[in-house]
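For reference, the structure is listed below as structure tokens.
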Amino acid sequence: MSVRDGRSRAEGGSKGSGLNLAETIFEVIDMRSFSNLWFWIALAVLWSTASHWVLGVPWDMINRARRRGGPVSDDVAQLVRIYSDRLIYVAEVSGLVMTVAVSFVLTVLLIMGFLYGMEFAQALFLLALPMTCVGLLSMRAAFRIRAEAPEAEELYRQLGRHRMKVQAIGMLSIFLTTMWGMYQNFSIGPLGG
């Protein structure tokens, strides 16, 4: 056995295996997003979180405020005001830059994913585009809440409508992502080609 043979085994393979660290990592971690369980877990967590937090306030807290009123209702109103003011401030200070940056990223993901066929970019696009719509809806709701300054029951009604819109976008997004993912998995095959 030569020194070269011993070194190649120590570096992670026998002579002639040709595996380097990057190939080993990509072999262990499947980069095909739609056949990866972690992608689907991330999709579920993303939409359950987006549905639970309505303008920065947990939905269970809004329901508790609706039932009990009092200090919890004041807390909800304060949290909504704080989060709405924060969103509006971000929009006023860096709205143009964020619009350009988000548009650029979405365009790059769209082109890389659907023109060049990169499945990872397709997956990111199918996560990012609907969340961008949710962000725009949240911005719109924040401006409406600031302008109208709704009290108690009207505030809860507006937050409920916002949550329903987010859930509708989420259901459509999950459906379309699932259909596209199944199409990709059927067309590529179980063994990747």
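The values are calculated or read from the model by the stated rules, or taken from the named source; none is laboratory data. Please read these numbers as outputs of a predicted model, since none were measured by experiment. When we count neighbours, we look across all protein chains shown, and the Cβ atoms used for this are built from the backbone with ideal geometry, even at glycine. Accessible surface is based on the protein model in full, side chains and every heavy atom, while ligands, DNA and RNA are left aside. Shrake-Rupley method; radii C 1.70, N 1.55, O 1.52, S 1.80 Å.
Below, the figures for the structure above:
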{"quantity": "Amide proton proximity set for Val54, modelled H, under 5 Å, gap of 5+", "calculated": "Trp59"}
{"quantity": "Heavy atoms of Leu109: accessible area, 1.4 Å probe, square angstrom to 10", "calculated": "20"}
{"quantity": "Computed label-point distance, nm, for sites Met98 and Arg64 using a 7 Å Cα→Cβ extension", "calculated": "2.8"}
{"quantity": "Cα convex hull of the range 118-157, projected area averaged across orientations, nm²", "calculated": "3.2"}
{"quantity": "Three-way shape call for the range 43-193 based on the alpha-carbon gyration tensor, with the a/c threshold at 1.5", "calculated": "oblate"}
{"quantity": "Rounded accessible area per residue of the range 101-193, 1.4 Å, Å²", "calculated": "60"}
{"quantity": "Where only alpha carbons of the range 91-164 are counted, the Rg and the Dmax (Å)", "calculated": "16.3, 51"}
{"quantity": "Low-density loop positions, GluC sites (Glu not before Pro), the range 73-164 - DSSP coil, at most 11 other Cβ in 10 Å", "calculated": "Glu151"}
{"quantity": "Contour excess over end-to-end distance, with Cα ends at Lys165 and Ala152 and 0.36 nm allotted per residue", "calculated": "2.7 nm"}
{"quantity": "Residue-count net charge about Leu79 - beta-carbon cut-off 12 Å; Lys, Arg +1, Asp, Glu -1", "calculated": "-1"}
{"quantity": "Per DSSP, loop chymotrypsin sites (Phe, Trp or Tyr not before Pro) in the range 106-193 with at most 11 further Cβ within 10 Å", "calculated": "Tyr116"}
{"quantity": "The range 48-64 and the range 94-147: distance between their alpha carbon centers, rounded to Å", "calculated": "22"}
